[in-house]
Amino acid sequence: MSRERLYLFDTTLRDGAQTNGVDFTLADKVVIARMLDALGVDYVEAGYPGANPIDSSFFAERRPARAKITAFGMTRRPGRSASNDPGLAAVLDAEADAVCFVAKSWDYHVRVALETTEDENLASIRDSVRAAKAKGREVLLDCEHFFDGYKANPAYALACAKAAYDEGARWVVLCDTNGGTLPHEVENIVGEVCKHIPGDHVGIHAHNDTEQAVANSFAAVRAGARQIQGTLNGLGERCGNANLISIIPTLKLKGEYAEKFDIGVSDAALGNIARVSHGLDDILNRAADRNAPYVGESAFATKAGIHASAIIKDPATYEHVAPEQIGNKRKLLVSDQSGRSNLLAELDRIDFAVDKDDPRLSRLLDEVKEREAIGYAYEAADASFELLARRLLGKVPRYFDVEKFDVTVEQRISAKGERITVSMAVVKVKVGEEVLISAAEGNGPVNALDLALRKDLGKYQSFITGLELTDYRVRILNGGSEAVTRVLIESEDETGDHWTTVGVSPNIIDASFQALMDSIVYKLIKSGAPA
Ligand SMILES: [Zn+2]
């Protein structure tokens, strides 16, 4: 049976750019557009030329891509002709393969927001589609508030969609702009629309305000729509857009969709999708969502002992898909609930060869339990766990010793009369016979300590130059004056690998120091630094 083509339209760079706290630079946009193109989406909506200087610069040159680079804009303003609307001209003049217009399709919005007549709105849709086609662009029409509009006045909502389709728009996209429509409603309404416009010209644009944007996208596909719009990691205004990072694996790996549809994403690209997701987080300088479906660090993590022993026998027992297919990893958590089987599986995962009857395993298990009782969290800190295992079961080279460190925090009034806080750290390190003293200033004591520690490790310096701290999390474990602090540090290196280390102490600097040290030693081992 031949499969039907289903198209993916990414709007990370347009709707995703509306996210609170997200500000893409031109360079960011170029990198993300390339990532999306390599992933295999069919359309990359790159912005709103004319309305935003960065978007205008993006479209100032033709950017060759397999995907259709799409410019976004509004249909011509009411009461103007298409040839006399500067906003429309900027969109039409942009170096793009396709143009996506947004238009009102809810009669109430036409009257109240647009302050025009229903007929003039329809004429604006027709004129704009015609003008873009005359420019040789493929045309899409986003019908704003389509579902709310359809509930209020189905004939008019449909008339807006039909106007674009009849004028030759390739796609009519039904938007759940408020994100409040439920899956069964989407399925019914898209089904009705597909009686008038062929489904292979109908798209869905869902927002996540009831956490159902992905479900709504699939509901539309079941009803006949053949284009899904969404964003990487579900980026977008308010609660976000439909998350393509979740939609793509479902389309590729779930029989109901995989047997019925072809999409532009290859199996190899699917195997890289976790990297794409984390790559976007890196650009946004955000920590990746551990619990993200398919690509999150915890998406294939198992804690309880019985599950772990079954997973070792056959992963399919507790996994709905194989993590490798989306570039993720299986992870068996070492925790105070864990038994020997978890421990063995985790050692196996980090390629640590040990006999399963080795008596030192019990010692390691006891050590993990003891440390977790005082606050260490090894399930979250894979690299610290690996170091602990290596220390007990094998060996970790003594690369260097920190003989002492000193951290100061000084608050004073600056020359400008402002109150400022400055932190400084001095570290004395012994590498072989060499004693090195480094000092650094930082925006806080931990930052200063980190900078001083990594400033000069003598002969090992070249092995840690690519090391970067990407996240720092502090948790106070029990209140009061006896409080214990747990610090988790996430690091990354030049190969794109991430790891997490942990430190625990009543003193936050000391806890941070332990986690920093683990990260550096882990990186030295990983880089194959000679002992
Ligand atoms: Zn939207």
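The values are calculated or read from the model by the stated rules, or taken from the named source; none is laboratory data. Everything numeric here is computed off the predicted structure, so don't read it as measured data. Every residue, glycine as well, gets a Cβ built from its backbone with ideal geometry; the counts of neighbours run over all protein chains shown.
Six or more apart or on different chains, Cβ under 9 Å: which pairs go from a residue in segment 167-194 that's closer than 19 Å to Tyr7 by Cβ and part of a helix (DSSP H, G or I) to one that's hydroxyl-bearing (Ser, Thr, Tyr) and within 15 Å of the ligand (Cβ to nearest atom)? Could you list them?
Going by the 9 Å Cβ cut-off, the qualifying pairs are Val186/Ser217.
Provide a single number: the residues in segment 226-241 that are farther than 14 Å from Ala17 by Cα and either part of a strand (DSSP E or B) or within 14 Å of the ligand (Cβ to nearest atom) (or both).
Qualifying residue count, segment 226-241: 3.
Please go through segment 242-278 and give me each residue that is within 16 Å of the ligand (Cβ to nearest atom) and in a helix (DSSP H, G or I), ordered by number.
Passing the criteria: Leu244, Ile247.
Identify, from the list Ala258, Ala274, the residue that is buried (at least 18 other Cβ atoms within 10 Å of the Cβ) and among the hydrophobic types (A, V, I, L, M, F, W, C).
Residue meeting the stated conditions: Ala274.
Which one of these is among the hydrophobic types (A, V, I, L, M, F, W, C), more than 26 Å from Ile350 (Cα to Cα) and over 37 Å from the mean Cα position of the chain (by Cα): Ile437, Ile420?
Working: Ile420 fails: over 37 Å from the mean Cα position of the chain (by Cα).
Unique residue meeting the criteria: Ile437.
Could you identify the single residue in Asp267, Asp289 that is of a type outside the set (A, V, I, L, M, F, W, C), at pLDDT 85 or above and buried (at least 16 other Cβ atoms within 10 Å of the Cβ)?
Within the list Asp267, Asp289, the selection yields Asp289.
Of everything in segment 354-407 that's surrounded by 12 or more Cβ atoms within 10 Å (Cβ to Cβ) and of a type in the set (Ser, Thr, Tyr), which residue is farthest from Val422 (Cα to Cα)?
Ranking the candidates gives Tyr378 first.
I'm trying to understand the selection: among the residues of segment 3-14, which are closer than 16 Å to Leu140 by Cβ and either under 14 Å from the mean Cα position of the chain (by Cα) or within 12 Å of the ligand (Cβ to nearest atom) (or both)?
Passing the criteria: Phe9, Asp10, Thr11, Leu13, Arg14.
Name the residues in segment 134-148 that are charged (D, E, K, R) and in contact with a strand residue (DSSP E or B) (Cβ under 6 Å, 6 or more places away or on another chain), would you?
Within segment 134-148, Arg137, Glu138, Asp142, Glu144 meet the criteria.
Can we say Arg473 is surrounded by fewer than 16 Cβ atoms within 10 Å (Cβ to Cβ), touching a residue at least 12 places away in the same chain (Cβ under 8 Å) and within 28 Å of His278 (Cα to Cα)?
In short, yes.
Take the residues in segment 15-40 that are within 16 Å of the ligand (Cβ to nearest atom) and touching a strand residue (DSSP E or B) at 6+ places or on another chain (Cβ under 6 Å), then tell me which one is nearest to Asn272 (Cα to Cα).
Gly16
Tell me whether segment 208-222 contains one or more residues that are touching a residue at least 60 places away in the same chain (Cβ under 8 Å) and within 16 Å of the ligand (Cβ to nearest atom).
no
Within segment 476-501, can you find the residues that are surrounded by 15 or more Cβ atoms within 10 Å (Cβ to Cβ) and under 24 Å from the mean Cα position of the chain (by Cα)?
Val487, Leu488, Ile489, Glu490, Ser491, Glu492, Asp493, His498, Trp499, Thr500, Thr501
Exactly one of (1) of a type outside the set (A, V, I, L, M); (2) under 11 Å from Cys143 (Cβ atoms); (3) within 16 Å of the ligand (Cβ to nearest atom) is unmet by Gly179. Its number?
It is condition (2) that Gly179 fails.
Just one of Leu158, Leu114, Leu122 is surrounded by fewer than 24 Cβ atoms within 10 Å (Cβ to Cβ) and in contact with a Cys (Cβ under 7 Å, 6 or more places away or on another chain); which is it? Write out each step before concluding.
Details: Leu158 fails: in contact with a Cys (Cβ under 7 Å, 6 or more places away or on another chain); Leu114 fails: in contact with a Cys (Cβ under 7 Å, 6 or more places away or on another chain).
Among Leu158, Leu114, Leu122, only Leu122 is surrounded by fewer than 24 Cβ atoms within 10 Å (Cβ to Cβ) and in contact with a Cys (Cβ under 7 Å, 6 or more places away or on another chain).
What number of residues within segment 119-150 are more than 16 Å from the ligand (Cβ to nearest atom) and either touching a residue at least 40 places away in the same chain (Cβ under 8 Å) or among the aromatic types (Phe, Trp, Tyr) (or both)?
Taking segment 119-150 first, the residues more than 16 Å from the ligand (Cβ to nearest atom) are 119-139, 150.
Now restrict to residues that are either touching a residue at least 40 places away in the same chain (Cβ under 8 Å) or among the aromatic types (Phe, Trp, Tyr) (or both): 120-122, 124-132, 135, 137-139, 150.
Adding up the residues that qualify gives 17.
For (1) touching a residue at least 40 places away in the same chain (Cβ under 8 Å); (2) surrounded by fewer than 21 Cβ atoms within 10 Å (Cβ to Cβ); (3) at positive phi, each residue gets a yes or a no:
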site	(1), (2), (3)
Arg5	yes, yes, no
Asp10	yes, no, no
Gly16	yes, no, no
Leu26	no, yes, no
Arg34	no, yes, no
Tyr43	yes, no, no
Phe59	no, no, no
Thr70	yes, no, no
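Scan Gly47, Gly79 and give me the residue that is within 15 Å of the ligand (Cβ to nearest atom) and at positive phi.
The match here is Gly47.
Each row is one residue, and each column tells you yes or no for (1) closer than 18 Å to Asp493 by Cβ; (2) out of contact with any Asp or Glu (no Cβ under 8 Å at 6 or more places or on another chain).
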{"residue": "Tyr399", "(1), (2)": "yes, yes"}
{"residue": "Val435", "(1), (2)": "no, no"}
{"residue": "Val446", "(1), (2)": "no, yes"}
{"residue": "Asp450", "(1), (2)": "yes, yes"}
{"residue": "Arg454", "(1), (2)": "yes, yes"}
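Considering only residues that are part of a loop (DSSP other than H, G, I, E, B) and at pLDDT 75 or above, which ones fall in segment 299-318?
So in segment 299-318, the residues part of a loop (DSSP other than H, G, I, E, B) come out as 299-300, 303-304, 314, 318.
Ala299, Phe300, Asp314, Tyr318 - these are the residues of segment 299-318 that are part of a loop (DSSP other than H, G, I, E, B) and at pLDDT 75 or above.
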